[in-house]
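Working notes for the structure below.
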Amino acid sequence: MTIGVGGSTIEIELNKLTDMTTDINIISLSEFHARIKKAQQLMRNQGIKAMYLDAGTNLHYFTGLKWYKSERMVGAILPADGDLEFIAPHFEEGSLRENMLITGNYNGWHEDENPYQLFANILHRLDITQGKVAIDESTAFFVFDGLRQAAPTLNFTNGANISAPCRQIKSATEIALMQRAKNMTLEVHKAAARILRPGISTTEVTHFINEAHKRVGASGSSFCIVLFGLATSFPHGVKEPQILQDNDWVLIDTGCLLQGYNSDITRTYAFGHATEEQRVAWQVEKDAQAAGFTAAKLGAPCSAVDDGARAVICEHGYGPDYQLPGLPHRTGHGCGLDIHEWPYLLRGNQTPLETGMVFSNEPMLVIPGKFGIRLEDHFYMGENGPVWFTEPSYSLDDPFGFEV
């Protein structure tokens, strides 16, 4: 049996887990103000007079306000100069004010009023009737369509030109929060491996992982993919649950949120004995992940990481390019308040690697009709180069390094 896999029970493993969040530091008000200041400077540099922040992670990032997207417009206008102007239903004012960290003028609209016209009226009050206004790139089309109809004289532009340069460089506090979230998920991974037994279903494992994340201090799993056998060859799973059998191949990809920041770790191993083909492919995957990490040099383009990982896979006869069997997708993605965010470790992406950037490193190897292998850990760019958040899987026989 693979070391650290099987031999325990759900009850035993849940009782071992304890809250890992009691000593974390949260994002300070001064950091939120610094984010706004940076965004406003970028707007002035680009000739943008204001930016609309829609409910979601951009609103959270710049103002600290966590609010969900719905059919009702909730957001804020951030002028290039001046204070925030919140836009939301009148009946939500009490709730929003209770959740606000950075305050601003509250502009309410009643259910029979047009929130998009309110947006135009606020900009008119700010003497913004022409020129460039950025729209949060995650804004739903129906909201954007309403805004452009209400303010036809404005030149709307992609807000990612403001949000991405701000958000892709993480502060020390952000990195510390992600470090803790990833530590939490790695402990959950170890526990999940130990509960495996013949006859357990992927659904049971998913439920366990969700409860285990709660035990370590998260609100649950932010996502969870559990795959056995042939299903591991589908990068994001299949619709039907599977039942674990002796010598099955196992792939578990899961994460949680800590203060809104994501963890995202994948482990692949054998429940029992691996075939020789699986052993060879697993080592190719591990070597590809290591090559991607080595290629992550400050100032190098993001594409260099993908190139480094993909070269190892192709050298062993897989591929070429994005063809199967091989690596069918990018090597990694940025991560923060969104589990997938800028920049991406993708062929052709010339964005230079900078201190403070955070990435997944997951050059999945897919063997159609047989199995797949994804080893996923995240790293951040430190002052001297890449730094792992979590140590990569040690070996196929000892994936969690218990006997290192």
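The values are calculated or read from the model by the stated rules, or taken from the named source; none is laboratory data. Every value quoted in this text rests on a predicted model; they were computed, and no experiment measured them. As a convention, Cβ positions derive from the backbone with ideal geometry for all residues, glycine included, and neighbour counts pool all protein chains shown. In case anyone asks, the SASA skips ligands and DNA or RNA and just uses the protein heavy atoms, side chains included. Shrake-Rupley method; radii C 1.70, N 1.55, O 1.52, S 1.80 Å.
Which residues, taken from the range 248-260, are over 12 Å from Gly229 (Cβ atoms), open to solvent by less than 70 Å² (accessible area, probe 1.4 Å), part of a strand (DSSP E or B) and not acidic (Asp, Glu)?
Of everything in the range 248-260, those that are over 12 Å from Gly229 (Cβ atoms), open to solvent by less than 70 Å² (accessible area, probe 1.4 Å), part of a strand (DSSP E or B) and not acidic (Asp, Glu) turn out to be Ile252, Thr254, Gly255, Cys256, Leu258.
Looking at Gly104, Gly64, which is the one that is under 31 Å from the mean Cα position of the chain (by Cα) and within 20 Å of Lys49 (Cα to Cα)?
Gly104
Is there a residue in the range 79-96 that is in a loop (DSSP other than H, G, I, E, B), surrounded by 21 or more Cβ atoms within 10 Å (Cβ to Cβ) and either out of contact with any helix residue (DSSP H, G or I) (no Cβ under 6 Å at 6 or more places or on another chain) or modelled with pLDDT under 95 (or both)?
no
Of all residues in the range 231-244, which are open to solvent by less than 90 Å² (accessible area, probe 1.4 Å) and under 26 Å from the mean Cα position of the chain (by Cα)?
Scanning the range 231-244 gives Ala231, Thr232, Ser233, Pro235, Gly237, Val238, Pro241.
Can you confirm whether the range 128-141 contains a residue that is part of a helix (DSSP H, G or I), out of contact with any Cys (no Cβ under 7 Å at 6 or more places or on another chain) and open to solvent by 10 Å² or more (accessible area, probe 1.4 Å)?
Among the residues of the range 128-141, at least one is part of a helix (DSSP H, G or I), out of contact with any Cys (no Cβ under 7 Å at 6 or more places or on another chain) and open to solvent by 10 Å² or more (accessible area, probe 1.4 Å), which makes the answer yes.
For Gly336, are the conditions met, namely being open to solvent by less than 60 Å² (accessible area, probe 1.4 Å), modelled with pLDDT of 95 or more, in a loop (DSSP other than H, G, I, E, B) and in contact with an Asp or Glu (Cβ under 7 Å, 6 or more places away or on another chain)?
The answer is yes for Gly336.
Do we find that Ser70 is of a type in the set (Ser, Thr, Tyr), without any contact (Cβ under 8 Å) to a residue 40 or more places away in the chain and open to solvent by 50 Å² or more (accessible area, probe 1.4 Å) in this structure?
Judged against the criteria, Ser70 is not a match.
Being within 24 Å of Glu362 (Cα to Cα), touching a Pro at 6+ places or on another chain (Cβ under 8 Å) and either touching a residue at least 40 places away in the same chain (Cβ under 8 Å) or part of a loop (DSSP other than H, G, I, E, B) (or both) narrows it down to one of Ala218, Ala193, so name that one.
Ala193
Quick test of your reading of the structure: Val5 fulfils all but one of (1) open to solvent by less than 20 Å² (accessible area, probe 1.4 Å); (2) touching a helix residue (DSSP H, G or I) at 6+ places or on another chain (Cβ under 7 Å); (3) under 26 Å from Cys335 (Cα atoms); (4) in contact (Cβ under 8 Å) with a residue 60 or more places away in the chain. Name the failing condition by number.
(3)
Could you list, in sequence order, all residues of the range 292-308 that are assigned to a helix (DSSP H, G or I) and more than 24 Å from His189 (Cα to Cα)?
Of everything in the range 292-308, those that are assigned to a helix (DSSP H, G or I) and more than 24 Å from His189 (Cα to Cα) turn out to be Thr294, Ala295, Ser303, Ala304, Val305, Asp306, Asp307, Gly308.
Considering only the range 290-329, state which residues are surrounded by 15 or more Cβ atoms within 10 Å (Cβ to Cβ) and of a type in the set (Val, Ile, Thr).
Val305, Val312, Ile313
Give me the residue from the range 366-404 that is open to solvent by less than 50 Å² (accessible area, probe 1.4 Å) and polar (S, T, N, Q) and, out of that set, nearest to the chain's Cα centre (by Cα).
It comes out as Thr390.
Residues of the range 346-365 being assigned to a strand (DSSP E or B) and open to solvent by 50 Å² or more (accessible area, probe 1.4 Å), which ones?
Within the range 346-365, just Pro352 meets the criteria.
When you check Asp287 against the structure, is it open to solvent by 10 Å² or more (accessible area, probe 1.4 Å), in a loop (DSSP other than H, G, I, E, B), at pLDDT 95 or above and not small (Gly, Ala, Ser), yes or no?
no
For every residue, the table says whether it meets (1) touching a His at 6+ places or on another chain (Cβ under 7 Å); (2) buried (at least 22 other Cβ atoms within 10 Å of the Cβ); (3) on the phi > 0 side of the Ramachandran plot; (4) β-branched (Val, Ile, Thr).
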site: Glu187; (1), (2), (3), (4): no, no, no, no
site: Ile195; (1), (2), (3), (4): no, yes, no, yes
site: His207; (1), (2), (3), (4): no, no, no, no
site: Asn210; (1), (2), (3), (4): no, no, no, no
site: His213; (1), (2), (3), (4): no, yes, no, no
site: Gly220; (1), (2), (3), (4): yes, no, yes, no
site: Leu227; (1), (2), (3), (4): no, yes, no, no
site: Asp246; (1), (2), (3), (4): no, no, no, no
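Say whether the condition of being open to solvent by 10 Å² or more (accessible area, probe 1.4 Å), free of Cβ contacts under 8 Å to residues at least 12 places away in the same chain, farther than 18 Å from His378 by Cα and not in a helix (DSSP H, G or I) is met by at least one residue in the range 261-279.
Yes, because at least one residue in the range 261-279 is open to solvent by 10 Å² or more (accessible area, probe 1.4 Å), free of Cβ contacts under 8 Å to residues at least 12 places away in the same chain, farther than 18 Å from His378 by Cα and not in a helix (DSSP H, G or I).
Does Pro343 qualify as being at negative phi, assigned to a strand (DSSP E or B) and touching a helix residue (DSSP H, G or I) at 6+ places or on another chain (Cβ under 9 Å)?
When the stated conditions are applied, Pro343 passes them.
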